[in-house]
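Trainee: What follows is a structure written as structure tokens; I'll ask about it next.
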Amino acid sequence: MSQRLDRVNELMKRELSSVLERYYRFDGVVLTIHDVVTAPDLRQASVWVGILGRAADEEGVIEKLNREKGAIQRELYKRVKLKHSPQLLFRLDKTVERAVSLINTLDSLPPPLPDEEPPATDAKAD
């Protein structure tokens, strides 16, 4: 990925987080923008969203974001000036949940067996 595209992704991630924090409320959940991946032609951008809270609300939050994406894009592109303003597509990112599940699994494993000590030798050096 080019440096320019990396800078665009990071800028959009930061400003999108600010827009969502300021203008949108989601009861019972905490919404975080994990990543923004913009196509090289700057026509589309996938926004990976992490949701902490009630698991039943995850799909509803993503649907709401995709329904409201026109208004979100307008606010975002008032702040981010680009030749082409990418169309946003919000997607659910479950990497945090998978990481927590993996850590819980590792914590539930039994402790490792102690290393065996080598047998003692009674040989005396002359």
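What follows draws every value from the coordinates through simple rules; no lab data is involved. Worth saying up front: this structure is predicted, and the values here are computed from it rather than measured. Note that each Cβ is placed from the backbone with ideal geometry, even for glycine, and that neighbours are counted across all protein chains shown.
Trainee: For the chain, what is the Kirkwood hydrodynamic radius in Å, using each pair of distinct C-alpha atoms?
Mentor: Final number for the Kirkwood radius of the chain is 17.7 Å.
Trainee: Between Val30 and Leu5, what FRET efficiency follows from the Cβ-Cβ distance if R0 is 41 Å, with the result rounded to 0.05?
Mentor: The calculated FRET efficiency here is 0.90.
Trainee: Taking the Cβ-Cβ separation of Arg22 and Lys94 as r and a Förster radius of 41 Å, what is the calculated FRET efficiency to the nearest 0.05?
Mentor: E(calc), rounded to 0.05, equals 0.95.
Trainee: Could the peptides 81-91, 7-17 be put in order, highest first, of the mean number of other beta-carbon atoms found within 10 Å of their residues?
Mentor: 7-17, 81-91
Trainee: Cut-off under 16 Å on the C-alpha distance; same-chain residues fewer than 8 positions from Lys69 excluded. Which lysines are left, in chain and number order?
Mentor: Of all the lysines, those that pass the test against Lys69 - Cα under 16 Å, at least 8 places apart if same chain - are Lys13, Lys78.
Trainee: Could you give the size of the charge dipole of the chain about its Cα centre, using +1 on the Cβ of each K and R and -1 on the Cβ of each D and E, expressed in debye and rounded to the nearest 20?
Mentor: 1580 debye
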